[in-house]
Every structure is written in structure tokens, then in C-alpha cells.
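Engineer: Can you keep this structure in mind? I'll have questions shortly.
Nothing in this text is a laboratory measurement; each read-out follows from the coordinates by a stated rule. Treat the numbers as computed from the prediction; the structure is a model and nothing was measured. Note that each Cβ is placed from the backbone with ideal geometry, even for glycine, and that neighbours are counted across all protein chains shown.
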Amino acid sequence: MTVPVVVVGGGGHAKVVIDSLRAGGREVAGFTDSRAHADPIAGAPHLGSDAYLDSLPRTACEVVVALGDNRLRARLIQQARDRGFSLANAIHPTAWISPSVELGSGIAIMANAVVNASSRVGDGAIVNTGATVDHDCEIGAFAHLAPGTHLSGYIAVGEGALVGVGSAVGIGRPLRVGEWAIIGTGSVVVRQVAAGSVVAGNPARTLRKASEGGPGHE
């Protein structure tokens, strides 16, 4: 018997996650949010701040961290694990996922997404609405493929990287997007993307390197 899911986060991304969970047959107990008072979202009640989880037996629910910010999502997933909770996956039933795909925990795969053969989706990653991942791809932990993105085969997206809305990545051979890199909306990526850098355009060009204080350096 499955247990209810508590969603951490109360924004727009959480609404889509709640819909995906319910479409997949999961019961949503509600959501947590730092605001003292928050209206229901997608029909789910506000349960209080994240401290609400401390009041629950660890076997009473599973947790999904529904936040689009990759670094914050990574941190809160670790906190949920430290509290002893299991992480649920929010996978919409209209998503196509090959039987040979390896799925991590705490992931979100939204409506009409595709993940093809021999690919892997790491812990806490997001494959958003209508995104496609072709064969033999590696989506790192806490990465985010935004709506309508497309990866050809043999693409590795590093931990915490963001591939922006409507971007295409691929050249028909192995290509890597480095950890915590950002690919701008509508970009076409045909070269390696360095860790922590920001790229955009068609073809994508480097706008900011990690050494210039970009993402990946705190």
C-alpha cells in the first residue's frame, strides 16, 4: 500500500508536480511552504513550513521537493533524506520512458516527456513538459531539462545544469554539458559546455565563464 506524498514547495512548479502525482495515482497530502499562510494550490492544502515534516513519522509519507531552483532543490532533498524520508518520483502517465532507462529518486518527469533507451535520470532531476531525451543520455542529479528541450543521443548533462526552454543539444556523437552550467532559452548547442558557464544562441556561444563568477561558484 502506497503512502501519501508531501510536496515541498508552493509555487508554479509544485502545481505541475501535484497534477503529475495525482495523474499517476498518488495521493497528495498537501504542500509545505515558508509562508505563514498560503492558499491551496491545485486543490492541495498548505500544511505549514518545511518544519511540518518533523512532526511526521518517517514512514507516514514520501516527499517530493517541487522547486525549480536546482541548488535549492538539491539542498532540500538532502534535508529530507537527513530527516529519514523516502523520496517519491512524480512521473506523469503520458510520459514515455523506455524500460531500459535507469531512474533515480525524487525526480519529476512531466506530461508528454520522452526518455529513450539506455538513458539515466539522476536523483532530483527534472525532465519537464514535452522534453525529449534520446538514447544513451545521462541526466545528472538535480539537473533540469526545461519544457520543450531536446537532447540527441549520447548527451551527458552534468549535475545541477539547466537546459533552457526550447533548446536543442546534440551533434550525433557524445557531447557534455558541464555541472551547474546554464543553457539559455531557444539555444542550439553543438559544442561542449564548460562546467559553471552560461551559453546561449544558435549556435550557442559562451556568455559568461565560471571564472567570471558564473553559476557553479559560490
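Engineer: Where does segment 5-88 land on Rg/Rh, using Cα atoms and the Kirkwood Rh?
Structural biologist: Using Cα coordinates only, the ratio equals 0.92.
Engineer: Tell me which trypsin sites (Lys or Arg not before Pro) from segment 20-127 have a DSSP coil assignment and no more than 15 other beta carbons within 10 Å of their own.
Structural biologist: Sites meeting the loop and neighbour criteria: R35, R58, R83.
Engineer: What is the local net charge at R26, summed over the other residues whose Cβ is closer than 14 Å to its Cβ (Lys, Arg +1; Asp, Glu -1)? Intermediate results must be reported in sequence, preceding the final value.
Structural biologist: Working: positive: R22; negative: D19, E27, E62.
Value of the local net charge: -2.
Engineer: Expressed as a rounded percentage, what relative contact order does segment 83-162 have, with Cα pairs under 8 Å and six or more residues apart?
Structural biologist: 22 percent
Engineer: Between the alpha-carbon centers of segment 111-153 and segment 11-37, tell me the distance in whole angstrom.
Structural biologist: Rounded to whole Å, the Cα centres lie 21 Å apart.
Engineer: Starting at 0 and stepping by 10 Å, how many percent of the alpha carbon pairs of segment 129-169 end up in each bin?
Structural biologist: Over segment 129-169, the share of Cα pairs per 10 Å bin runs 36, 62, 2 percent.
Engineer: Hey, another quick one. Using the number of other C-beta atoms within 10 angstrom as an exposure proxy, rank F31, F85 with the fewest first. Walk me through the intermediate numbers first.
Structural biologist: On the way: F31 28, F85 21.
So the residues, fewest neighbours to most, are F85, F31.
Engineer: State, as an integer percentage, the relative contact order of the chain based on alpha-carbon contacts under 8 Å between residues 6 or more apart.
Structural biologist: Numbers: 634 pairs, mean separation 23.4, N = 218.
Once normalised by length, the contact order is 11 percent.
Engineer: Can you give the helix-only mean residue ellipticity at 222 nm for the chain, where every DSSP H stretch with n ≥ 4 adds -39500 (n - 2.57) and the sum goes over all residues, rounded to the nearest 500 deg cm²/dmol?
Structural biologist: Rounded to the nearest 500, it is -3500 deg cm²/dmol.
Engineer: Would you order V115, V28, V157 from fewest to most other beta-carbon atoms within 10 Å of each residue's own beta-carbon?
Structural biologist: Exposure proxy ranking, most exposed first: V28, V115, V157.
Engineer: Quick one: order C61, C137 by neighbouring beta-carbon count within 10 Å, fewest to most.
Structural biologist: On the way: C61 19, C137 26.
Ascending number of Cβ neighbours within 10 Å: C61, C137.
Engineer: Please compute the net charge surrounding S118, taking Lys and Arg as +1 and Asp and Glu as -1 over other residues with Cβ under 12 Å from its Cβ.
Structural biologist: Working: positive: R120; negative: E102, D134, D136, E138.
Once all neighbours under 12 Å are counted, the net charge is -3.
Engineer: When every alpha-carbon pair in the chain is counted, what percent end up more than 30 Å apart?
Structural biologist: Here the long-distance tail beyond 30 Å is 23 percent of all Cα pairs in the chain.
Engineer: Still on this structure: Taking N as the number of residues in segment 83-201, what is its Cα Rg relative to 2.2 N^0.38 Å?
Structural biologist: 0.96
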